[in-house]
Amino acid sequence: MSNLHDPFDNVLNQLQEIKTLAELKEGVLAVLSAPKRFIEVNLPVRMDDGQVKVFKGYRSQFNDARGPFKGGVRFHPNVDESEVKALSAWMTWKTAVVGVPLGGSKGGIIVDTKQLSIGELERLSRAYIRALWEVVGPELDVPAPDVYTTGQIMAWMLDEYEVLARRHRPGMITGKPVAVGGSKGRVQATAVGGLQVLMAAAKHLNLPEKASVAIQGFGNVGGTLAGLAYAAGFKVVALADSKSTIYNSEGLDVVAVENYKKQNGTLFGFPGSKNINDILTLEVDILVPAALENSIIVDNVRDVKARLIVEMANGPITPEADKILAEKNIIVVPDILANAGGVAVSYLEQVQNAANYYWSEIEVLQKLEVMMAEALTAVWELSNDKKITLRQAALLLAVRRVAEAMKSRGWV
Ligand code: NAD
């Protein structure tokens, strides 16, 4: 993301911070300070008007000591090298925290999908896989959806891959529709895992039963979590998408908001709500950043009033702001734990693909609950033991696991 907060610098800062605690040797730190492989591709796409346009894409394969690289593909105008690298590192920590036998990677294309026709979007998605098909696959590197990529895009990518590989390999990508080997429960998995973590943390902090919640981002993760939190009895007072923020101190009817957004394409003007400028500094019990990175930064952190922050987006808080939140005694459940439900079910999707045997939604969500509970307990205990923040504990746990795998392989 082109702004003052270089996301990969954030990754390196976070590593420096736990270097001593994790007793990281210089060699381990050196391996974890850069992706194993970084690929840049230029993708020619025939546009509907007959002209060819070239889009830039990336794939960052960060670490595969614990298993094949795993990470989503983002389609966004602000995608850049540093963002993709950072997201690939965070995927490495996330798969380790939630204990799935996978590494970490991430991909992206610099594009505003709102400017593309459906045909152009399909040709761009296929072009990405044509450029990268030899370095992705179920045993190599497994893509998935991220910001502005969908199950439909995964299905086109799978089809392109299988045409080139001349065989069915549904486990090469996750988050695909159930019709082509996707897992039941995958669409809501990130939010389901997030709610589980949010509820556990709220209980731990003795927050009121109808605690107030503000959610930034109303897409797959934020929108789904809003619906689940509302159904679970939380008072969802504010919601934001990229264009507007709506607020009602008595709580919003999230089901009605979902319908309103479907009909009008925006949250703006939702009946009974006030349009406000800033969701991050509201007087609420729980704040959920679920949009993009670098939302809570030094400039606004002092005005954050929530008691609990659950990071559903990747990297929404800069390291400097994170320190200030800790000083203010605001508990932060870090991204690599809070949003790990998505990759946990992606792993279950691959397991089902490999076995060619498919579970019911209930079976999938039960397995997810067990995986999230184990990760949550491990991070919470480590944080108590070492008297460190949940973020430091999650990173420490992850880095130890990755370092152990690298050591076993004789890499370090
Ligand atoms: P999405 O494209 O479905 O939704 C993104 C949402 O963010 C949209 O509602 C958009 O309007 C909103 N948004 C964008 N800029 C905003 C801004 N400045 N202010 C407020 N809202 C803004 O994407 P998603 O899959 O929901 O991903 C959201 C975040 O969650 C990302 O950081 C992503 O990396 C992370 N994540 C996603 C998954 C997953 O399974 N989809 C898993 C783990 C983490």
_Subset of segment 255-309 [of a type in the set (S, T, N, Q) and more than 12 Å from the ligand (Cβ to nearest atom)]_ = 259, 263, 264, 273, 275, 281, 300
*Name the residues in segment 204-223 that are open to solvent by 40 Å² or more (accessible area, probe 1.4 Å) and in a helix (DSSP H, G or I), would you?*
204, 220
_Out of 37, 46, sole residue that is surrounded by fewer than 18 Cβ atoms within 10 Å (Cβ to Cβ) and closer than 19 Å to residue 90 by Cβ_ = 37
*For segment 377-393, indicate whether the set of residues that are in contact with a helix residue (DSSP H, G or I) (Cβ under 8 Å, 6 or more places away or on another chain), at pLDDT 95 or above and within 15 Å of the ligand (Cβ to nearest atom) is non-empty.*
no
*Where residues in segment 232-247 are more than 9 Å from the ligand (Cβ to nearest atom) and outside any strand (DSSP E or B), which of them is nearest to residue 213 (Cα to Cα)?*
234
*If you go through segment 132-185 one residue at a time, how many are in a loop (DSSP other than H, G, I, E, B), open to solvent by less than 50 Å² (accessible area, probe 1.4 Å) and closer than 26 Å to residue 80 by Cβ?*
9
_Residue satisfying all of: in segment 323-354; open to solvent by 20 Å² or more (accessible area, probe 1.4 Å) and closer than 22 Å to residue 103 by Cα; nearest to the ligand (Cβ to nearest atom) among these_ = 347
*asked:* Cβ-Cβ distance below 7 Å, separation of 6 or more or different chains: which pairs start in segment 356-374 with a residue that is outside the structural domain of residue 99 (by TED's automatic domain parsing) and end on one that is in a helix (DSSP H, G or I) and small (Gly, Ala, Ser)?
replied: 368/189; 368/193; 368/341; 368/344; 371/344; 372/193; 372/341; 372/344
*Does residue 67 fit the bill of being in the same structural domain as residue 47 (by TED's automatic domain parsing), surrounded by fewer than 21 Cβ atoms within 10 Å (Cβ to Cβ) and among the small types (Gly, Ala, Ser)?*
yes
*State all residues of segment 313-322 that are near the ligand (Cβ under 10 Å from one of its atoms) and either open to solvent by 10 Å² or more (accessible area, probe 1.4 Å) or out of contact with any strand residue (DSSP E or B) (no Cβ under 7 Å at 6 or more places or on another chain) (or both); if no residue qualifies, say none.*
314, 315
*Do you know which of the residues in segment 6-20 that are surrounded by 14 or more Cβ atoms within 10 Å (Cβ to Cβ) and without any contact (Cβ under 8 Å) to a residue 60 or more places away in the chain is nearest to residue 33 (Cα to Cα)?*
12
*State whether the residues of segment 49-67 include one that is among the charged types (D, E, K, R) and within 24 Å of residue 379 (Cβ to Cβ).*
yes
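The values are calculated or read from the model by the stated rules, or taken from the named source; none is laboratory data. Just so it is clear, the model here is predicted, and its values are computed rather than measured. Because the Cβ atoms are built from the backbone with ideal geometry, glycine has one as well, and the counts that use them run over all protein chains shown. These accessible areas exclude ligands, DNA and RNA; they are computed on the full protein's heavy atoms, side chains included. Shrake-Rupley method; radii C 1.70, N 1.55, O 1.52, S 1.80 Å.
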